[in-house]
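First comes the structure, then the notes that go with it.
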Amino acid sequence: MRTETPVTVYRKDYQPYPYDIPEVALAFDLAPDATEVRCTMHVQRRPGAGADAALILDGEELELVSVGVNGKALPAGGYELSAHSLVLHGLPDDATVEIVSRCKPSANSTLMGLYVSGGNFFTQCEAEGFRRITWFADRPDVMSRYRVTLRAEPQYPVLLSNGNLIATRQLPDGRNEVEWEDPFPKPCYLFALVAGNLTHRETTVKTASGRDVLLQVYSDPGSETKTEWALDSLVRALRWDESRFGLELDLDRFMIVAVHDFNMGAMENKGLNIFNAAYVLADADTATDANYEGIESVIGHEYFHNWTGNRVTCRDWFQLSLKEGLTVFRDQEFSADMMAHGMDAAAAASARAVKRIDDVVALRAAQFPEDAGPMAHPIRPESYQEIGNFYTATVYEKGAEVIRMQHTLLGEDGFRAGMDEYFRRHDGQAVTCDDFVAAMESVYVRQHPGRDLSVFRRWYRQAGTPRVTVTLEHDAAARRCTVTLTQACPPVGVEKKAGPDYVKAPYHIPFAIGLLDRNGRALPLRHEGAVVDTALLELTTQSQQWTFDDIAEAPVPSLLRDFSAPVIVDYDWSDEELALLSAHDGNPFARWEAGQELATRQILALADARQAGRTLQADTAFIEAWRALLTDPKLDAAFRARALALPSEKTLAERMRLVDPPALAVARDFLRAELGRQLEAEFRQAFDDNQTPGAYSPAPVPAGRRALKNLALSHLMAAGEQEAQRLAEQQYATAGNMTDSMAALSSLINYGQGEFPQEALTAFYARWSDNPLVVDKWFALQAAARSTTVQTARELMTHPAFTLRNPNRARALIFQFCLNNARGMHHPDGSGYAFWAEQVLALDALNPEIAARLARALDNWSRFVPTLRIPMQAALQQVRQHEGLSRNVHEIVSKALEFAA
Ligand code: B3K
Ligand code: ZN
């Protein structure tokens, strides 16, 4: 098979579809090796479409049985059939088109379209999977009402689709038949079916307007004890959307189904969400605190899509961030509100800051590098070859930041008014990002006469992370402080090919600042007619100044509070100023940030020393700043766990001129051990003080205590103390929950001595071998371990439990190794990169979407030190030259080679 010639799709080329398809009836005769699908569509030529406009339907890997129009079968020459489309000419203005086709779910390893997992049938249609089920207008702006009939053998007793169940019967041949009807028009990417042998847990709740709705969570027989948290999370999500946004569930029934083979986290199909089992199943023995948090967040995310995505959907896939950025923002706020629930004001502020910190850490680790590399794209891309490659951190996480900035600019009430206006204008439509901003702008202009969001809209069309340089001048005589903000954002990725005339314009940046005196006290700021601790500066041109009066001495600035915009701040704080902010800043996010900046400077200095062959030595002032954070009684455990976490290698790499992951890993490890040695007593105290005896609860307070305690354990273990190993062994042996078990095992296999770590690993597998989600953890722990080499990774691949076909398993071993094992992956002999190339190709033959995600591991190759850059480039070239590459992987490796920084 030859690599397909790539076709680039451009946003500017959008054309409406010439037909409406108001109704679709789908009938499935389900069987693993040959499923027959009868698709009957009511097709109407749209007003304005040419009389000769053909009906072009997308289809892939389908076998055509018959085509009929208004009840008459078309002869073989009556339509045009190609590998990707079925074209009908000369249709009347109004017609019934009936297509019968066959597909083979058992052979579908792409997990797009209809496939088999664990003996059951599942679908995944977003973005372009529906075309693997039947020929159809597979684009989000064609919205239809669906009626679905499912017929299957009795071994598949549960037969589900979107909407409401309207009939169920047994057929004379012994099979079961059910009919579902979805009352809401939807694009085909939201279609779903599930058929199989499943158990479920359910509850009925009353919506705000008093309707009873049935909520169900389906999963494998035997796993019904693990779905309580998921169902409770669903109830919380439903309540939250009612109270925060006034949005109610519009169906009588809402189902979640867990599946073990799934490309992503979950999918928001109307009324029938399909979830990766990793985001559904949990109990104290098998799931960690992070798993519980992830489940609540993803269940919220998919549920919130019911309004932001389903009721109002995307006109085309360039608008993906319209639903994803907005829905991520909503799930982040949901999690923050759940974490702060029932706390007093100070504790709630800290809990919300913890959530904000976690989100910003993720953004910096994934999105900032993306925005500085060959795949950089605006949150609303201008072009793509494969849309599956654009479910990115930029579209999702930066997209959420762009929504958050609008929330910041409009305020909570203004944002809510903008959302209400968005639904008033667009309910039931397929719209654009511009439509969303226009709804928000209608409120903003009322709040701020004479201003608008025209500059703000540039966030949607320019890529790259803007850099904001801050200067501060203090005039002692006038008791005045002047703050100057200057922004810059040079072209990145594909923008660099636009030619010298391409000029990027300034962004509208909401920039929150505070000023502290030299004792760390907040200085009151007079800003826009009020006296505040935090001033929101709106930078809308390249450079602007603000003055603050009544400032007696030169202050210490606290910048970009709460990360009010997705930018990089340039300000030359002294280490003493950072230590002051880290100890006293009243804004918990900025306080965390100051400590992270200190740690970043420290680790980068150590990495430099390592590269230059000097002995490594930690700075005393840094250690003291860490001691102060660790022992500050006013800080809760969850916040301290974040404040004391060393910045990730991915974040640090963004700060290196030439990236050298092994040097960073050595520097970071050295510092972890050094902190363990110098703060041994304090860490030991934190370990003892933050035990969580009694029944397990995933609530934020005990989870925060475990996070701090386990961080302490990792430092003590890294320091190599015998006593620490005893604590870890004891914790492993007595842990009453998976968080503590995993933390102890991780410390042991990374830093432990003797036989115990290996024995524990073996016993862990023996105990959990029948639980695939725990086996994933077992692989992941080893894949990322310090001593794991390519050789170890290859050996793990020969384990009977390993398979490339299951995405969770591939992610646990291959992705963990390639993305999170700096030493193994970036070995100077290039063996890590050869392994990567091999696995990308092996995966590509099975599942191009997953292969393309792995392919991205080498995106930023050109910024690495030459010893690594050269073998990385060779591995990329090797993959690109491979015959029969998918469009997905081809786009990624071509862009990596072509648009290298
Ligand atoms: N909307 C889905 C994305 C699935 C796309 C897979 N190619 C998940 C989510 O964002 O909710
Ligand atoms: Zn989503």
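Below are the figures for this structure:
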{"quantity": "Cα gyration tensor, region 220-350 - rounded (a/c under 1.5), prolate or oblate", "calculated": "oblate"}
{"quantity": "Over 32 Å (Cα to Cα) - which of 104/496; 104/355; 226/270 fall in this group", "calculated": "104/496; 104/355"}
{"quantity": "Computed label-point distance, nm, for sites residue 482 and residue 290 using a 7 Å Cα→Cβ extension", "calculated": "4.8 nm"}
{"quantity": "Farthest positive-ward along region 476-570 dipole, Cα basis, beta-carbon charges - from 546, 493, 524", "calculated": "493"}
{"quantity": "Region 476-570, accessible area per residue, ligands and nucleic acids excluded (1.4 Å, Å²)", "calculated": "45 Å²"}
{"quantity": "Hz values of 3J(HN,Hα) by residue in region 511-520 - Karplus curve (6.51, -1.76, 1.60), Gly and Pro given as x", "calculated": "10, 8, 10, x, 10, 10, 7, 6, 9, x"}
{"quantity": "In Å², nearest 10: area of residue 471 left accessible to a 1.4 Å probe", "calculated": "60 Å²"}
{"quantity": "Prolate/oblate/rounded call for region 314-461, Cα gyration tensor, a/c under 1.5 rounded", "calculated": "oblate"}
{"quantity": "Full-stretch length increase - residue 8, residue 434 - with 0.36 nm per residue and alpha-carbon distance subtracted", "calculated": "151.1 nm"}
{"quantity": "Carbon plus sulfur fraction of accessible area for the chain, probe 1.4 Å, in percent", "calculated": "50 percent"}
{"quantity": "Region 19-196, relative contact order [Cα under 8 Å, separation at least 6], %", "calculated": "25 percent"}
{"quantity": "Net dipole in debye of region 476-570 [+1 Lys, Arg Cβ; -1 Asp, Glu Cβ; about Cα centre; nearest 20]", "calculated": "180 debye"}
{"quantity": "Entries in 206/398; 650/895; 12/72 that, when Cα-Cα distance is taken, lie over 27 Å", "calculated": "206/398; 12/72"}
{"quantity": "FRET efficiency for residue 624 and residue 881, using Cβ-Cβ distance with R0 set to 56 Å, rounded to 0.05", "calculated": "0.55"}
{"quantity": "Residue 452-residue 204 pseudo-label distance in nm [points 7 Å out on the Cα-to-Cβ vector]", "calculated": "5.2 nm"}
{"quantity": "Modelled FRET efficiency - R0 45 Å, residue 723 with residue 874, Cβ distances, 0.05 increments", "calculated": "0.45"}
{"quantity": "Net charge dipole size for region 280-334 [Lys, Arg +1 and Asp, Glu -1 on Cβ; Debye, nearest 20]", "calculated": "500 debye"}
{"quantity": "Mean Cβ count within 10 Å, highest first, over the residues of peptides 178-187, 542-551, 880-889", "calculated": "178-187, 880-889, 542-551"}
{"quantity": "Accessible-area value, residue 789, 1.4 Å probe, nucleic acids and ligands omitted, Å²", "calculated": "60 Å²"}
{"quantity": "Net length gained if the chain between residue 540 and residue 23 were fully extended (0.36 nm per residue, minus Cα distance)", "calculated": "181.4 nm"}
{"quantity": "Unit charges on C-beta of K, R, D, E only; dipole of the chain, Debye", "calculated": "880 debye"}
{"quantity": "Computed FRET value (nearest 0.05) for residue 344 with residue 413, which takes r as the C-beta separation and R₀ as 30 Å", "calculated": "0.80"}
{"quantity": "Ranked by how many other beta carbons lie within 10 Å on average, peptides 501-511, 122-132, 796-806 from highest", "calculated": "122-132, 501-511, 796-806"}
{"quantity": "Per residue, in Å², the accessible surface of region 19-196 once ligands and nucleic acids are set aside, probe 1.4 Å", "calculated": "38 Å²"}
{"quantity": "Cα gyration tensor, region 5-58 - rounded (a/c under 1.5), prolate or oblate", "calculated": "oblate"}
{"quantity": "Mean accessible surface per residue for region 314-461, computed with a 1.4 Å probe while every protein chain stays in place, in Å²", "calculated": "29 Å²"}
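The values are calculated or read from the model by the stated rules, or taken from the named source; none is laboratory data. It should be emphasised that the depicted structure is a prediction, and the values quoted were computed from it without experimental measurement. Counting neighbours? That spans all protein chains shown, and the Cβs are built from the backbone with ideal geometry, glycine included. Protein only, heavy atoms only, side chains kept; ligands, DNA and RNA dropped before computing areas. Shrake-Rupley method; radii C 1.70, N 1.55, O 1.52, S 1.80 Å.
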